[in-house]
Amino acid sequence: REEEEENLSEETKTWISSLPWEIDYLGNKLFKYEGYWYYEDVLQSIPNIQSGFKPQETDIIVASFPKSGTTWLKALTFALVQRSKHPSDDDHHPMLSHNPHELVPYLEYLKSSKPDLTKFLSLSSSPRMFSTHMPLHAIQEPLKESPCKIVYVCRNVKDVLVSLWHFFNANKGVQWNDFSQTEKIIREEDYSFEAMFESFCNGVTVYGPSWDHALSYWRASLEDPKHVLFMMYEELKAEPRTQVKRLAEFLDCPFTKEEEDSGSVDKIVELCSLSKLSSLEINKSGALGGVDFKTYFRKGEVGGWKSYMTPDMENKIDMIIEEKLKGSGLKF
Ligand code: A3P
């Protein structure tokens, strides 16, 4: 880490320190860049992604706001795209020994110095699968002119908020802002649901505001449906088979009649299910970047927020959502 910190150029440090910042509800410093809030380590990777990421035509990018179903969509995308190489009923399927976050890495968490990013990208096999929590505009420059595909998963923000709160509570020991030159101030009250709620409503959570994030991909999916697919967590839950087939078609790997008849869709849905993934040893005991894989799997409920928000909270966030999504055609 010290070495990496040294690698941060003076130019990058100066740029970051010139940005507006706020302390989030976890006591970490968040910086505002082009309308969104980032921790320093992600922020400093943006110039590297913009100059070091050269997409290939077949690249697939799984994009999401945190806690919207990223792990699930990564699993489904990997299982779908790799199904001829790794049939989903194979006892040696990579998903049985790897967490989906290992199989589809985050662009922003690949080692930040440019040569490492370039090396990793040249080593990945085709089609390469990456993910990102960054809003669309942050990755748009390198993707310009590229036919690669983006799949976005969106979820009801009230469920996202609750999920995020649980996730941060389960990972209190993790230092999210690794490169921080600032001291992290840990105060127990920062972990209260009320504090999280206020931060979230103000848009001041990592990669927030969540509504703008979703809208950026929503609009792109309307403008360029061949390259951007917008999926809803709730629809995946309600009709997984239909949504998985939709995803396969978008990714140009539709199921054949023989595959459908032999139960291939169901097998993928089953392999990627919350119950299956969370029962695997790798996901019970593994970790990456200090985060235990088990904290990526909780209840996966639709509407679980109702047990957490008071009527006042519900009214407040509903008014914000209504105002933000007005006229967009997007509903969550
Ligand atoms: P809850 O905290 O509401 O249970 P992300 O993957 O973006 O970090 O989102 C995590 C949320 O997705 C958690 O929601 C988690 O339980 C749920 N989740 C993880 N894997 C899932 C799967 N395979 N199917 C459905 N939901 C899943």
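The values are calculated or read from the model by the stated rules, or taken from the named source; none is laboratory data. Just so it is clear, the structure is predicted and the values come from calculations on it, not from any experiment. So basically every Cβ, Gly included, is an ideal-geometry build from the backbone, and we count neighbours across all protein chains shown.
Key figures for this structure:
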read-out	value
Out of Leu277, Leu330, sole residue that is part of a loop (DSSP other than H, G, I, E, B) and either farther than 22 Å from Thr132 by Cβ or at pLDDT 95 or above (or both)	Leu330
Index of the failed condition, Arg298 passing every other in (1) among the basic types (Lys, Arg); (2) within 21 Å of Phe65 (Cβ to Cβ); (3) loosely packed, with under 15 Cβ neighbours inside 10 Å	(3)
Residue check for Asp224: within 16 Å of the ligand (Cβ to nearest atom) and out of contact with any Lys or Arg (no Cβ under 6 Å at 6 or more places or on another chain)	no
Selection within region 83-95 - within 21 Å of the chain's Cα centre (by Cα) and surrounded by fewer than 20 Cβ atoms within 10 Å (Cβ to Cβ)	Pro94
Qualifying residue in region 310-331 (condition: closer than 23 Å to Asn171 by Cα and surrounded by 11 or more Cβ atoms within 10 Å (Cβ to Cβ))	no
Sole residue being within 18 Å of Ile150 (Cβ to Cβ), within 13 Å of the chain's Cα centre (by Cα) and more than 16 Å from the ligand (Cβ to nearest atom), chosen from Leu73, Leu107, Leu136	Leu136
Within region 188-264, helices (runs of 4 or more DSSP H) holding 1 or more residues that are farther than 18 Å from Cys154 by Cα, more than 20 Å from the chain's Cα centre (by Cα) and of a type outside the set (Lys, Arg)	193-201, 240-250, 257-261
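Here's the yes/no breakdown for (1) outside any helix (DSSP H, G or I); (2) within 16 Å of the ligand (Cβ to nearest atom); (3) within 17 Å of His133 (Cα to Cα):
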position	(1), (2), (3)
Leu19	yes, no, no
Tyr25	yes, no, no
Ser51	no, no, no
Glu57	yes, no, no
Ser68	yes, yes, yes
Ala79	no, yes, no
Lys85	yes, no, no
His92	yes, no, no
